[in-house]
Amino acid sequence: MELGLAGRRALVTGAGKGIGRSTVQALHAAGVRVVAVSRTRADLDSLVQECPGVETLCVDLADWEATERALGSVGPIDLLVNNAAVALLQPFLEVTKEACDTRVITVTHIPLQFQIVAKGMIARGAPGAIVNVSSQASQRALTHHAVYCSTKGALDMLTKTMALELGPHKIRVNAVNPTVVMTAMGRANWSDPHKAKVMLDRIPLGKFAEVENVVDAILFLLSDRSGMTTGSTMPVDGGFMAH
């Protein structure tokens, strides 16, 4: 299916590794001009070697002022993929301040990047599309995921609220909600065979997601092929949430 994304300009956060990096690669291959955002310079440098022409921004999105400076001069953006995230999994009774601070900062600082990009779209009178990378954990409680589930739930509701308010400006906002994805982080967190089996037994398709499964969903939601879809949370979960 031709998605018609060529010539547009996209901003991808969390672009250094995993889903974000693969999203940049797929957008670049589709003829999109990409601005890749990561807090790790080495990841951005290697990404540019793989995808010549990709613009990079090295900034920690948890730093509000630095993010405002970096994104304030990024120029016109048509598409935004919000993928930056950290997963610190802990039993509820052992949740640390660090885990709360890390995840809560991730959510509370997200609106700034959205505001900057959306205001630019509105000022230009240009339609746009925003995709948040959420999780099945936003809608199903998972052991040792108290903080993660809570913040992904907040991200889903932010997606819906933004869709409501930005829709009149022709800006669509959706989320993808994957099951466990076989990124480096996914493999590290689900390497225990017993733990993995408990999850796999709840997935009708009997397998975890590959990165390209999520990237395909992101590109669809960015494209005009999903032109009547906004405020949605799209499962990429092998049927996990069908239970």
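Where a number appears in this text, it was derived from the coordinates with a stated rule and is not lab data. Small disclaimer: the values here were computed from a predicted structure and weren't measured. Ideal geometry is used to build each Cβ from the backbone, glycine not excepted, and the neighbour counts take in all protein chains shown.
Structural remarks
- For the stretch 110-243, a simple Cβ point-charge model (Lys and Arg +1, Asp and Glu -1, everything else neutral) yields a dipole of about 180 debye relative to the Cα centre.
- Among THR159, THR96, THR230, residue whose mean-square fluctuation peaks in a GNM of the chain (springs only between Cα atoms under 10 Å): THR96
- Distance violations [Cα-Cα > 24 Å] among LYS17/LYS152; LYS17/LYS170; LYS17/LYS160: LYS17/LYS170; LYS17/LYS160
- Residue-by-residue Karplus 3J(HN,Hα) for the stretch 38-48, coefficients 6.51, -1.76, 1.60, Hz, glycine and proline x: 8, 8, 10, 4, 4, 5, 5, 4, 5, 5, 5
- The chain - mean residue ellipticity at 222 nm from DSSP helices (-39,500 (n - 2.57) per run, n ≥ 4, rounded to 500): -13500 deg cm²/dmol
- Net +/- balance of residues flanking MET185 in space, Cβ distance below 13 Å, scoring K and R +1, D and E -1: +3
- Shape category assigned to the stretch 116-197 from the gyration tensor of Cα positions, a/c cut at 1.5: prolate
- Sorting the segments 118-128, 232-242 by their residues' average number of neighbouring beta-carbon atoms within 10 angstrom, most packed first, yields 232-242, 118-128.
- Within the shell defined by Cβ-Cβ distances under 14 Å, the residues around ASP224 carry a net charge of +2, with Lys and Arg each +1 and Asp and Glu each -1.
- Considering only LEU200, LEU11, LEU219, the mean-square fluctuation computed in a Gaussian network model of the chain, springs between alpha carbons under 10 angstrom, is largest for LEU200.
- Among LEU112, LEU205, LEU61, the residue with the largest mean-square fluctuation in a Gaussian network model of the chain, with springs joining Cα atoms closer than 10 Å, is LEU205.
- Full extension of the chain between THR40 and GLU2 yields a length gain of 10.4 nm, computed as 0.36 nm times the residue separation minus the alpha carbon distance.
- Likely footprinting exposure, HIS145, HIS243, fewest C-beta neighbours within 10 Å first: HIS243, HIS145
- Listing ASP224, ASP156 from fewest to most neighbouring C-beta atoms within 10 Å gives ASP224, ASP156.
- A cut-off under 14 angstrom between Cβ atoms defines the neighbours of ALA129, and their net charge, with Lys, Arg +1 and Asp, Glu -1, is +3.
- For the pair ASP60 and ARG124, label points projected 7 Å from Cα toward Cβ lie 3.1 nm apart.
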